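Only the coordinates and a few stated rules stand behind these numbers; no lab work does. Every value quoted in this text rests on a predicted model; they were computed, and no experiment measured them. No Cβ is skipped: glycine too gets one built from the backbone with ideal geometry, and neighbour counts run over all protein chains shown.
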Amino acid sequence: MGLKIILLGAPGAGKGTQAELLVNDLGLVHLSTGNLLREAVEAQTQLGKEAASYMEAGKLVPDQVIIGLVEEFLQKVGPSGCLLDGFPRTLAQAEALDEIFKKLDMKLDYVIEVRTTPEVIVQRLAHRLVCRSCGAPYHAQSKPPAKAGVCDSCGGAVVRRADDEPETIKKRLREYQEKTAPLIDYYQQKGLLITVNGDLSREATYEEIKAKLGVTGK
Ligand SMILES: [Zn+2]
């Protein structure tokens, strides 16, 4: 039985990088709800068609549909390991997921929380820059454009993304913490929670994940 893992992390915690590393090292099937929705819509499954009808109407896809898709995904994954990334987001979803695991006679092995300090994330994200015209990414410290404020490839204006303004980041972090805190408690009580320090470099955070999972090699 491969490992079944949930990855939780605040915006800016580098969750995407950690997910990629874990998926590659442990040979996990990666579930992100975004991809799951896209694939179901393309494949025109019954749930996919239902999801499409909400998305076309500009509405949020309801929990019930997402949960159905997750169940189909887990059924397909079977004994292979998988990483759930971006699901569950709420306590209700976590409880539904428990039901799915029970129904499919599977078990969840770990929930990894990449924990961060808001001030550190604000600092980290405040240095991200982007070209307003072509979208080329820059970083104020590690990858600044040759001429300050001007894109190397297209000459467009290099600015901080609106999403990365300190006030916006703090608001997003607060929202994340409010929504996710009950999930953290929930999994802690089940003895599944592993918390790692997301304030470190991505490499150091990943080393901590591997050490706590007891994964060796690579
Ligand atoms: Zn540009």
Whole-Å distance linking the alpha carbon centroid of the range 102-153 with that of the range 8-52 is 18 Å
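Anything over 20 Å Cα to Cα? Flag those among K4/K49; K190/K212; K107/K190; K49/K102; K4/K190, in the order listed. Spell out each step's value before the answer.
Values: K4/K49 28 Å; K190/K212 17 Å; K107/K190 12 Å; K49/K102 27 Å; K4/K190 15 Å.
In this structure, K4/K49; K49/K102 exceed 20 Å between Cα atoms.
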All alpha-carbon distances of the chain, grouped into 5 Å bins from 0, give the whole-percent distribution 1, 6, 13, 15, 16, 16, 14, 10, 6, 2, 1, 0
Taking a straight Cα-to-Cα line shorter than 12 Å from K143, and setting aside same-chain aspartates and glutamates fewer than 8 residues away, one finds D152
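Determine the sum of side-chain charges near V159: Lys and Arg each +1, Asp and Glu each -1, restricted to other residues whose C-beta is under 12 angstrom from that of V159. All intermediate terms of the calculation are to be shown ahead of the outcome.
Working: positive: R128, R132, R160, R161; negative: D163, D164, E165.
Summing Lys and Arg as +1 and Asp and Glu as -1 gives +1.
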Between the Cα axis of helix 46-56 and the main Cα principal axis of the chain, the angle (0 to 90°, nearest 10) is 30 degrees
Helix 202-213: inclination vs the chain longest Cα principal axis, degrees, rounded to 10, gives 20 degrees
Listed with the fewest Cβ neighbours within 10 Å leading, V120, V114, V23 appear as V120, V23, V114
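For A148 and E95 in one chain, what is 0.36 nm times their gap in residues minus the Cα-Cα distance, to one decimal in nm?
Details: separation 53, 0.36 × 53 = 19.08 nm, distance 4.97 nm.
Extra length from A148 to E95 when fully extended: 14.1 nm.
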For the chain, longest principal axis from Cα atoms; helix 15-26 axis from its Cα atoms; angle between them, nearest 10 degrees, is 50 degrees
In terms of the charge dipole of the chain, which places +1 on Lys and Arg and -1 on Asp and Glu at the beta carbon, the residue among V122, S32, G81 farthest towards the positive end is V122
The range 22-92: Kirkwood hydrodynamic radius (Cα pairs, Å) comes out at 12.7 Å
Once both label points are put 7 Å beyond Cα along the C-beta direction, the S80-A126 separation in nm becomes 4.3 nm
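Out of the DSSP beta bridges found with both residues in the chain, what percent are antiparallel (nearest 5)? Could you put the intermediate results ahead of the total?
On the way: 8 of 26 bridges.
Taking every DSSP beta bridge within the chain, about 30 percent pair in antiparallel fashion.
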So, with points 7 Å from each Cα along the Cβ direction, the T168-A57 label distance in nm works out to 3.0 nm
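With a Förster radius of 22 Å, plug the Cβ-Cβ distance of E42 and Q64 into 1/(1 + (r/R0)^6) and report the FRET value to the nearest 0.05. Walk me through the numbers on the way to the answer.
Values: r = 21 Å, r/R0 = 0.93.
About 0.60, to the nearest 0.05.
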Computed ³J(HN,Hα) along the range 80-89: with the Karplus parameters 6.51/-1.76/1.60, θ = phi - 60°, integer Hz and x for glycine or proline, the list is 5, x, 8, 10, 8, 10, x, 8, x, 10
With label points set 7 Å from each Cα along the Cα-to-Cβ direction at D25 and R161, the distance between them in nm comes to 2.5 nm
